[in-house]
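To start, the structure itself, in structure tokens.
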Amino acid sequence: MICQVYPLSFQDSDGDGRGDLPGLLSRLDYLCELGIDAIWLAPVYCSPMRDFGYDVADFTGIEPCFGSLGDFDRLVQALHERGMRLVLDFVPNHTADTHPWFVASRSSRNHPQRDWYVWADAGPDGGPPNRWTSRFGGSAWEYDAGTGQYYYHAFLKEQPDLNWHNPEVRQAMAEVLRFWQARGVDGFRIDAAAVLAEDVKLREDPPKPDADGQTPEPERVERVYTDYRPEVLDWLAELRRCAEADGPSLLLGEVDGSGDRIVDFYGDAGRPILHLPLNYRLIDTDWQGPLLRETVEHYLTLLDALGPEPGTAGARQGGPGKPKGWPCWAVGSHDKPRVARTLGPERARLAALLLFTLPGTALFFAGDELGLEGCPVPSEQSRDPFERQLPGFGLNRDPQRAPMPWSDAPQAGFTTGEPWLPLEPGHEQRHVARQQRDPASMWSLYRRLIALRKAEAALGVGSCFGFFTADALLGFQRAWAGRRLQVVVNLAGTPQVHRPDDGRPARLLLSTRPDPEAPGSSEGIRLEGYEGVVLVLD
Ligand code: GLC
């Protein structure tokens, strides 16, 4: 169980309205009580904060608004004392334009670090070298008047791309990993892992046939030459070897896309790549029973086809019907609209049930456990550079970054100052202290689910089989050492009756409702609208 913490929005300790490391440290018991095993900490490196930390000016320093290296060390120690691990965000694709490497690189065409970034001459028309577009909108090329060439940036122009074709760059980034490992970091979430390479011949990305004026400009092309290039897998495999050179380390990776794409990032026994490519398909898929079932089953089948990886964190010991690659399902992040916004509050409870009962690592974004829905922020007031560059397409990431509401204290206990983003409306009803007292709350459901997941080996390491959809019901089974569980969710708002096949008697282990009916009867099990259950099949 991994919880992503966006430090700016978690807990402020000094009243500047932005969350920081001492604030996070003061809330570790909260995370521990919830039962999570590790936190993924979004970037806290030195940064001009154009992209709120994903523009790194020094990979081995802490941005003062977050605290100091001493605070970081204290955080690692405190996590370890509580039996939790730290997965640090690692941003290998680009730096800030204020990073000394880029300052050196742009200083002259002859500088030894010139080739650390992606430079090209103007195109035949005297404009950018080609038509590649930034994921944040506009050309992906920025002209540098000082040296008369363009540099490439997959994201903001203040985030120039490192040139991973250059072995010195790969070496330098490997050293960054080692620096943090030596400070006790247990793993890394590799940011933008699929976009590390661009075609060296600068070939044009073709237009997407179905794109139109409603499609945000960056999504109007198939990124065949700027995304998922084959060499990326080699470089990540190299990073993995380096990360594991001195002991175990966990590599998560941001690889958006279909299940087939994600699975490539596991590699194979001969060339292991990431332990846990992140999979957001549970929230990116249309919540129609058959589609959802197909998404999950297809992914597990793909993982089944991967060879087992003996002796690594991703390994599973054989056994019939069990996936050999270890999935990592995620229901939220600082980039995605909140699950409770996308699916609605009731189905978000079902998403939580699936998250903790499907095989694999469960990952959620701090605040999902409160059912937060995000705070609408109008374009004109947006802090997010994505929204500012492409207003009106619904891309704003500010809403999900609203500060955590902790209590009914002023500013919900997040800060004594002015929060950097507004608290979400309704926080008075949803804050942590209130939800902890309420057995019907989302927080209480998360807590019950995490506890059940830990108590039931079948949910942890058991096989997964018996998928079915019937009317609005979706279900599957988990089994281990003679214990058989069945998970069933009702995707509709009206009651449904579930009849366990072969008429096996079933006992209720958990319901997403706080006051479930006693289920077993010869007529079957009645699930209320949007109810999900875990049953024991005797
Ligand atoms: C990743 C991060 C996102 C950031 C982008 C550029 O997608 O998750 O927040 O804006 O990379 O670094």
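The values are calculated or read from the model by the stated rules, or taken from the named source; none is laboratory data. Just so you know, these numbers come straight off a predicted model, no measurement behind them. Cβ sites come from the backbone with ideal geometry, for glycine too, and all protein chains shown count toward neighbours. SASA here: full protein model, heavy atoms, side chains in, ligands and nucleic acids out. Shrake-Rupley method; radii C 1.70, N 1.55, O 1.52, S 1.80 Å.
Report relative contact order for the chain in percent, whole number only (criteria: Cα-Cα under 8 Å, sequence separation at least 6).
Dividing the mean separation by the residue count of the chain yields 12 percent.
Taking the chain as the reference, fit the longest principal axis to its C-alpha atoms, fit the long axis of helix 345-357 to the helix C-alpha atoms, and give the angle between the two in degrees, 0 to 90, nearest 10.
With both axes taken from Cα atoms, the answer is about 90 degrees.
So who's got an amide H within less than 5 Å of the one on V118, skipping anything under 5 residues away but keeping other chains? H placed 1.01 Å off N, in plane.
Here Y152, D161, N163 satisfy the definition.
If you add up the charges near R50, with Lys and Arg at +1 and Asp and Glu at -1, over every other residue whose beta carbon is less than 13 angstrom from its beta carbon, what do you get?
With Lys, Arg at +1 and Asp, Glu at -1, the neighbours total -3.
Rounded to the nearest 20 debye, what is the charge dipole size of the chain about its Cα centre when +1 sits on each Lys and Arg Cβ and -1 on each Asp and Glu Cβ?
About 1400 debye.
Where the accessible area of the chain is counted over protein heavy atoms with a 1.4 Å probe, how much of it, in %, is carbon and sulfur?
50 percent
Evaluate 2.2 N^0.38 Å with N set to the residue count of the chain, then give the Cα radius of gyration divided by it.
0.99
Can you give the local net charge around R229? Use residues other than it whose beta-carbon is closer than 9 angstrom to its beta-carbon, Lys and Arg +1, Asp and Glu -1.
-4
Of K454, K208, K336, which has the most accessible area with a 1.4 Å probe, and how do the rest follow in descending order?
Ranking K454, K208, K336 by accessible area, largest first, yields K454, K208, K336.
Run the Debye formula on the Cα coordinates of the range 426-496, all scatterers equal and no solvent, and tell me log10 I(q)/I(0) at q = 0.13, 0.25, 0.26 1/Å.
-0.56, -1.02, -1.04
Semi-axes of the range 73-231's equivalent ellipsoid from the Cα gyration tensor, sqrt of 5 times each eigenvalue, largest first, rounded to whole Å?
Working from the Cα gyration tensor, I get semi-axes of 32, 21, 13 Å.
Taking a quarter of the surface of the convex hull around the Cα atoms of the range 462-537, what do you get in nm²?
Value for the range 462-537: 4.7 nm².
Which log10 I(q)/I(0) values does the range 361-458 give at q = 0.16, 0.17 Å⁻¹ under the Debye formula, counting every alpha carbon as one identical point scatterer?
So the normalised log intensities work out to -0.76, -0.82.
Can you give me the accessible area per residue for the chain, using a 1.4 Å probe, in Å²?
Roughly 38 Å² per residue, with all protein chains present.
Taking 2.2 N^0.38 Å as the expected size of a compact globular protein, what ratio does the Cα radius of gyration of the range 100-152 give against it, to two decimals?
The range 100-152 yields a ratio of 1.13.
From Cα pairs below 8 angstrom and at least 6 apart in sequence, can you work out the relative contact order of the range 80-158, rounded to a whole percent?
It rounds to 23 percent for the range 80-158.
Based on the Kirkwood radius over alpha-carbon pairs, what value in µm²/s does the Stokes-Einstein equation return for the translational diffusion coefficient of the range 1-92 at 20 °C and 1.002 mPa s?
163 µm²/s
Residues in the range 147-179, backbone N under 13 Å from the label point at R109 (7 Å along the Cα-to-beta-carbon vector): list them, ranges by number please.
It comes to 147-150, nothing else.
Which one, P327, P129, N166, projects farthest toward the positive side of the charge dipole computed for the chain from Cβ point charges (K/R +1, D/E -1)?
It is P327.
Restricting to DSSP H runs of at least four residues, report the calculated mean residue ellipticity at 222 nm for the chain, -39500 (n - 2.57) per run over all residues, nearest 500 deg cm²/dmol.
When only DSSP H runs of four or more count, the value is -7500 deg cm²/dmol.
Do you know the Lys pair count in the chain for C-alpha distances under 28 Å, with sequence separation 8 or more or different chains?
Lysine pairs satisfying the spacing and distance rule in the chain number 7.
Output the relative contact order of the range 462-537, whole-number percent, from Cα pairs under 8 angstrom with separation of 6+ residues.
Worked out over the range 462-537, it gives 33 percent.
Order H153, H298, H427 by their accessible area, 1.4 angstrom probe, all chains in place, largest first.
Result, largest first: H298, H427, H153.
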